[in-house]
Amino acid sequence: MKTIFQLIAVLCTLFSTAQPELDFDMDVNFGRVGGYADVTYTITNISSNTINNLSINHTDAVNPILTLNPSTLAPGATVIATGKIAISGDRYNGNIPFLGSTQATANGIMNGTAISELSDGIDFQGNRVDDGASDYQISTPERIGVVYIDDDSDGAYTQGTDTTISNATINISDQNGNMFSVMTNETGWWNADIPDSMVNTAGDFLGTVDQSSFPSSFTNYFLIDGLSPFQLVFPLAAQFEFAHGYTDQPASIEDVKEISAYPIPMTGNTLFLNNYETGAVKLYFLDGKEIWKGEVTDGRIEFDVLKNGFYILRVITQDKIASIKLLKK
């Protein structure tokens, strides 16, 4: 019996003095909605044995399973790797917006036995935390957006329900024909910093969602939320300011076919609608700029003085969506 107690005491001493085989530090810089936070992984073999098959499991990262190079570490050796976290407008840490927190695990084989080590993070005060999360800040750029499939058919973006589209292209142009493109990240969100070469004044930038950049199953879907092209005029864009939603069935497609307007071309400032008696309407230039909004009364629209040219009239109710091209002569 005495021998058993001695053995238990020895084992308890061994467990209490056991040291981890790896020192795993993970640092994350600040990120931007629609962009990425950069991650640096630093792993050191602090054991007296060689560790093989090193990899990192980081579920928040764009690459959630990262095989290290080199994947074998001799005692005292260090390997450094990098990764990134895609950031959406939905990302929250608890109930506090614009804060991120993440953790990873390093895995390997030592003497034929699997080992793992949680990452040591840095908190918001800059302190290194053993086996703790890495904290980072998230900022909201002036121009952000989300591209999504309206899976719940409510006509608006719903976090956790609607499918977002990664790698969708948004082409941005100015009045002089200068153009550049941005892409949605892995979360379906994008942000745009206007280059210095885009010399327009604020309000003249236009964005167009390139639907041909969507996965093939979505290229023929209908836009039901947002406009394309659209103006990037907001100095401080709200999270959903540039939401673009698509569906394979536009709301009440039969009703859409029934709505029509006359006379076209218009020669005055009065327009009549078939099968739409009362409701709100908006008028746009062909570039997507909204120039007028008003009401339909008894199937008639009375515009202010309307210059000659082409326009888009958009009619939206709970069960009707229609865009009608107008010509004023």
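The values are calculated or read from the model by the stated rules, or taken from the named source; none is laboratory data. Everything numeric in this text was worked out from a predicted model, so none of it was measured. Virtual Cβ from ideal backbone geometry, glycine too; neighbours counted across all protein chains shown.
One table, with the values for the structure above:
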{"quantity": "In the stretch 291-306, the residues that are touching a residue at least 24 places away in the same chain (Cβ under 8 Å), out of contact with any Leu (no Cβ under 6 Å at 6 or more places or on another chain) and either part of a strand (DSSP E or B) or surrounded by 14 or more Cβ atoms within 10 Å (Cβ to Cβ) (or both)", "calculated": "300, 302, 303, 306"}
{"quantity": "Single residue of the stretch 59-90 satisfying the filter (of a type outside the set (A, V, I, L, M) and in contact (Cβ under 8 Å) with a residue 60 or more places away in the chain) that is farthest from residue 141 (Cα to Cα)", "calculated": "90"}
{"quantity": "Filtered residues of the stretch 38-54 (kept if under 19 Å from residue 113 (Cβ atoms) and crowded, with 22+ Cβ neighbours inside 10 Å)", "calculated": "43, 45, 51, 54"}
{"quantity": "Qualifying residue in the stretch 25-34 (condition: modelled with pLDDT of 90 or more, assigned to a strand (DSSP E or B) and loosely packed, with under 15 Cβ neighbours inside 10 Å)", "calculated": "no"}
{"quantity": "Qualifying residue in the stretch 199-210 (condition: of a type in the set (Gly, Ala, Ser), surrounded by fewer than 17 Cβ atoms within 10 Å (Cβ to Cβ) and more than 30 Å from residue 48 (Cα to Cα))", "calculated": "yes"}
{"quantity": "Failed condition for residue 294, given (1) modelled with pLDDT under 85; (2) in contact with a strand residue (DSSP E or B) (Cβ under 8 Å, 6 or more places away or on another chain)", "calculated": "(1)"}
{"quantity": "For residue 180: the one exception among (1) out of contact with any Gly (no Cβ under 8 Å at 6 or more places or on another chain); (2) modelled with pLDDT of 80 or more; (3) surrounded by 13 or more Cβ atoms within 10 Å (Cβ to Cβ); (4) farther than 18 Å from residue 34 by Cβ", "calculated": "(4)"}
{"quantity": "Qualifying residues in the stretch 89-109 (those that are modelled with pLDDT of 90 or more and not in a strand (DSSP E or B)) - the one nearest to residue 71 (Cα to Cα)", "calculated": "104"}
{"quantity": "Selection count where residues are under 18 Å from the mean Cα position of the chain (by Cα) and surrounded by fewer than 14 Cβ atoms within 10 Å (Cβ to Cβ), scope the stretch 127-155", "calculated": "2"}
